[in-house]
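The values are calculated or read from the model by the stated rules, or taken from the named source; none is laboratory data. Keep in mind the model is a prediction, meaning the values are calculated, not measured. Positions of Cβ are generated from backbone atoms using ideal geometry, with glycine treated the same way; all protein chains shown enter the neighbour counts. Areas reflect the complete protein model, heavy atoms only, side chains present, ligands, DNA and RNA absent. Shrake-Rupley method; radii C 1.70, N 1.55, O 1.52, S 1.80 Å.
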Amino acid sequence: MLLDEKIAILSGAARYDVSCSSSGSSRGAGCAGMGATSRAGICHSWADDGRCISLLKILLSNYCIYDCAYCINRRGNDVPRASFTTDEIVNLTIDFYRRNYIEGLFLSSAVQVSPDNTTERMINVARRLRNDEQFGGYIHLKIIPGTSPELIQRAGFYADRLSVNIELPSEKSLKTLAPDKNKQAILQPMRRIGREISENRALRRKQKRLPRFAPAGQSTQLIIGASPENDLHILRLASGLYERYALKRVYYSAYMPAVHDRLLPELSAPPLLREHRLYQADWLLRYYGFQADEILSEDMPDLAEAIDPKQAWAYRHPGFFPVDVNRADRETLLRVPGLGLTSVARIIASRRFGPLDLKQLDRIGVVLKRARPFIICRDYQPPKEPAVPVFAGQHKTPQAAPPQQLDFFDEPDMAIQRRS
Amino acid sequence: MAQLWEGSPPPDVIAAISRYSPDLFGQEQTIQSNSRTAADFLKTLEKAAHRTIRNRVMYAACCGTGGFEQSLCEYVVLLRDAGPEIDENFSHPAVAQVRRTARQVAGEAHRLKGLVRFRELSTGLLWAPLSPDHHVLPFVAGHFRRRMPAANWVLHDVKRNEAILWDGQRLLPAMPDESLQAACAINNDAALPLSPAEKQCSEYWRTFFKTIAVPGRTNPELQRSNMPRRYWTWLVEKQ
Ligand code: SF4
């Protein structure tokens with residue numbers, strides 16, 4: 001088969017994986033070598049679907065012995081199949097990298113013989129790139145559920161990032177839709193990676209020279225809309241992953257009906273808006289100090305479609321507003337719709353020079369259209385009763401910290417010990 | 001601007017700025033040139049204020065569209081008289097404009113770190129044509145010096161007909177020859193003096209680019225807003 005055809009088959013099979021980030025790692029090129037990673041990550045192009053292309057995102061092979069209902073490569077599905085040789089993928093990565101098409105390689109694979117056999121072949125590619133080609137660019141390896149700890153350990157010393165995809169947000173859905181995978185097979189490698197990363201970090205504090213283990217951390221992906229879990233369930237799962245498994249990112253992928261199966265919902269279109277709202281909520285979890293149970297609750301377990309989750313929270317908490325931008329602390333400012341991380345930092349820096357007015361806030365980059373009803377500044381005060389949109393829903397503010405119910409984390413033995 | 005710092009009246013300096021940006025090529029690249037004043041001024045600025053402020057002035061001065069000069073002068077005077085803290089006053093009009101200008105230039109430089117495409121010429125040299133809005137070649141060159149120290153490459157600003165060459169050890173100003181310029185005007189793979197491997201590799205990249213997009217999710221507006229059309233000229237995947 002021509003290399004061009006293989007590229008078409010194996011990148012086409014990889015496109016449903018959303019993660020393409022090349023951030024979180026910085027590495028300089030050695031004098032003989034080529035390649036470096038940059039902390040902020042770099043996009044090299046944007047595909048016709050508008051998504052950033054940063055990495056050569058491709059499968060090593062799409063021959064699969066598993067039978068996941070949602071996957072186009074499932075065993076028995078009639079699609080063209082192909083596998084790369086190690087040389088092919090190594091050369092392709094180097095050729096693309098030299099021309100600045102990519103930041104590096106994101107290698108994944110279907111399960112060809114067994115999880116270990118497949119992972120081993122992926123590690124081989126990474127090893128060749130690092131050792132023989134002196135490749136200093138970004139490498140993200142997708143670990144197959146059920147991979148043994150020894151292989152994970154090796155993988156992490158070649159890769160910048162490792163990921164194990166959870167895909168289905170509950171054990172029940174996993175059983176029905178991905179019968180060859182199970183919760184343990186997914187969580188064990190994740191836990192192992194988490195442990196290796198934190199141990200490596202601790203060791204490196206004493207010995208700076210030690211090689212780094214997956215310096216850009218680990219991530220995972222959840223498919224949205226192929227199974228019945230609600231947004232509250234998904235956000236709780238995500239915040240559990242951030243807190244207990246120290247994940248760098250959770251990616252959400254709107255389910256694209258690519259195969260027909262009676263177990264799957266018949267969707268007319270992928271739930272893109274829902275995916276978007278989940279990313280916004282995820283952002284609130286990671287950077288804005290929100291808890292999953294503040295964003296949603298049992299009486300209102302799904303994100304509103306019409307407004308973003310931060311606005312929704314603001315409308316439900318009229319008592320919290322208006323906020324005086326010239327006085328409030330960072331945490332409080334971050335809760336105001338229309339204020340982002342950057343504008344909050346700028347407000348705090350600028351107000352030392354004198355109280356800010358609307359014009360100055362505009363110059364700073366505050367989205368006044370959204371912020372206006374919620375703020376007080378030098379020359380402005382909102383009308384007494386801000387109009388509450390009907391679609392925002394009215395429900396009780398959660399009291400204290402509610403019990404965390406995480407389908408995936410309900411067994412005590414699975415809790416990762418947090419090292420400080 | 002150097003004069004301004006020392007107390008000259010502003011009008012003198014607005015004219016000086018246009019001379020200032022080309023000088024910067026020399027300064028940033030440590031290529032010998034008559035960049036004394038600029039280099040000294042930047043050093044003074046770094047000492048008196050801060051590295052990030054020095055960089056801000058540098059980026060803003062490399063703006064290719066104009067209209068920012070008055071604010072830049074005002075900003076420099078402010079720095080001198082009110083001290084570096086003024087840089088934090090986002091609500092001051094001059095500070096806001098200088099920051100915006102610097103961000104635009106830095107933004108283009110960052111964007112190009114991704115959008116630059118090297119083509120392997122039949123001589124083996126990696127050649128990257130680009131037509132940026134601003135004078136960003138030095139910033140982009142610094143990035144590739146770190147990334148590809150072992151290769152020989154050249155960044156070619158086709159719009160301004162300037163180039164910077166990395167010979168494995170130093171960054172040097174280069175003069176693209178006339179036949180290459182003529183080929184640039186035609187700009188297709190047949191006209192350019194590319195190596196055979198280059199043609200093959202560009203095809204692989206185009207295939208990848210085509211198939212990596214999810215078919216049901218075509219979104220040309222999003223694609224264009226991230227990657228404006230004016231950058232497509234030199235994108236291998238868009239030819
Ligand atoms: S393991 Fe499942 S999801 Fe992965 S390629 Fe095979 S069938 Fe698809």
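Applying the condition of being touching a residue at least 60 places away in the same chain (Cβ under 8 Å), under 20 Å from the mean Cα position of the chain (by Cα) and farther than 16 Å from A:SER219 by Cβ to region A:245-292 and asking which residue is most open to solvent (accessible area, probe 1.4 Å) yields A:GLN291.
Yes/no matrix, rows are residues, columns are (1) open to solvent by less than 40 Å² (accessible area, probe 1.4 Å); (2) at pLDDT 95 or above; (3) assigned to a helix (DSSP H, G or I); (4) polar (S, T, N, Q):
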| residue | (1), (2), (3), (4) |
| --- | --- |
| A:ARG363 | no, no, yes, no |
| A:ARG372 | no, no, yes, no |
| A:PRO382 | yes, no, no, no |
| A:GLN394 | no, no, no, yes |
| A:THR397 | no, no, no, yes |
| A:ALA400 | no, no, no, no |
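Condition first: closer than 30 Å to B:LEU165 by Cβ, at pLDDT below 80, touching a helix residue (DSSP H, G or I) at 6+ places or on another chain (Cβ under 8 Å) and hydrophobic (A, V, I, L, M, F, W, C). Can you find one or more residues in region B:57-65 that meet it? Checked region B:57-65: no residue is closer than 30 Å to B:LEU165 by Cβ, at pLDDT below 80, touching a helix residue (DSSP H, G or I) at 6+ places or on another chain (Cβ under 8 Å) and hydrophobic (A, V, I, L, M, F, W, C).
Kindly indicate whether B:GLN223 is within 11 Å of chain A (Cβ to nearest Cβ) and open to solvent by 20 Å² or more (accessible area, probe 1.4 Å). Against the criterion (within 11 Å of chain A (Cβ to nearest Cβ) and open to solvent by 20 Å² or more (accessible area, probe 1.4 Å)), B:GLN223 does not qualify.
Among all residues of region B:34-54, there is at least one that is open to solvent by 30 Å² or more (accessible area, probe 1.4 Å), farther than 29 Å from A:ASP357 by Cα and modelled with pLDDT under 55.
May I ask you to list the residues in region A:172-205 that are within 13 Å of the ligand (Cβ to nearest atom) and of a type in the set (A, V, I, L, M)? Residues satisfying the conditions are A:LEU174, A:LEU177, A:ALA178, A:ALA185, A:ILE186. Across region A:47-59, the number of residues qualifying as within 20 Å of B:PRO220 (Cα to Cα), open to solvent by less than 30 Å² (accessible area, probe 1.4 Å) and either out of contact with any helix residue (DSSP H, G or I) (no Cβ under 9 Å at 6 or more places or on another chain) or within 7 Å of chain B (Cβ to nearest Cβ) (or both) comes to 4.
Per-residue answers, yes or no, for (1) at pLDDT 95 or above; (2) assigned to a helix (DSSP H, G or I); (3) assigned by TED's automatic domain parsing to the domain that holds A:GLN188; (4) touching a Gly at 6+ places or on another chain (Cβ under 7 Å):
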residue	(1), (2), (3), (4)
A:ILE223	no, no, yes, no
A:ILE234	yes, yes, yes, no
A:TYR242	no, yes, yes, no
A:SER253	no, no, yes, no
A:LEU263	no, no, no, no
A:LEU273	no, yes, yes, no
A:HIS276	no, yes, yes, no
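Do we have any residue at all in region A:98-114 that's surrounded by 22 or more Cβ atoms within 10 Å (Cβ to Cβ), within 12 Å of the ligand (Cβ to nearest atom) and within 14 Å of chain B (Cβ to nearest Cβ)? For region A:98-114, residues surrounded by 22 or more Cβ atoms within 10 Å (Cβ to Cβ), within 12 Å of the ligand (Cβ to nearest atom) and within 14 Å of chain B (Cβ to nearest Cβ): present. Residues in region B:194-219 that are more than 23 Å from A:LEU105 (Cβ to Cβ) and among the β-branched types (Val, Ile, Thr): B:THR218 only. When the criteria are applied in full, A:ALA202 meets the requirement of being more than 16 Å from A:VAL250 (Cα to Cα), over 21 Å from the mean Cα position of the chain (by Cα) and touching a residue at least 12 places away in the same chain (Cβ under 8 Å).
Only residues that are open to solvent by 20 Å² or more (accessible area, probe 1.4 Å) and either within 16 Å of the ligand (Cβ to nearest atom) or under 23 Å from the mean Cα position of the chain (by Cα) (or both) were counted in region A:60-97, giving 17. The single condition from (1) open to solvent by less than 20 Å² (accessible area, probe 1.4 Å); (2) of a type outside the set (Lys, Arg); (3) without any contact (Cβ under 8 Å) to a residue 60 or more places away in the chain that B:LEU165 fails is (1).
Of the residues A:ILE123, A:ILE139, the single one that is free of Cβ contacts under 8 Å to residues at least 40 places away in the same chain, away from the ligand (no atom under 16 Å from the Cβ) and in contact with an Asp or Glu (Cβ under 9 Å, 6 or more places away or on another chain) is A:ILE139. Residue count for region A:148-171, restricted to those that are within 16 Å of the ligand (Cβ to nearest atom) and over 14 Å from A:SER219 (Cβ atoms): 2.
For region A:335-357: of the residues being assigned to a helix (DSSP H, G or I) and surrounded by fewer than 20 Cβ atoms within 10 Å (Cβ to Cβ), which is farthest from the other protein chains (Cβ to nearest Cβ)? Ranking the qualifying residues of region A:335-357, first place goes to A:LEU341.
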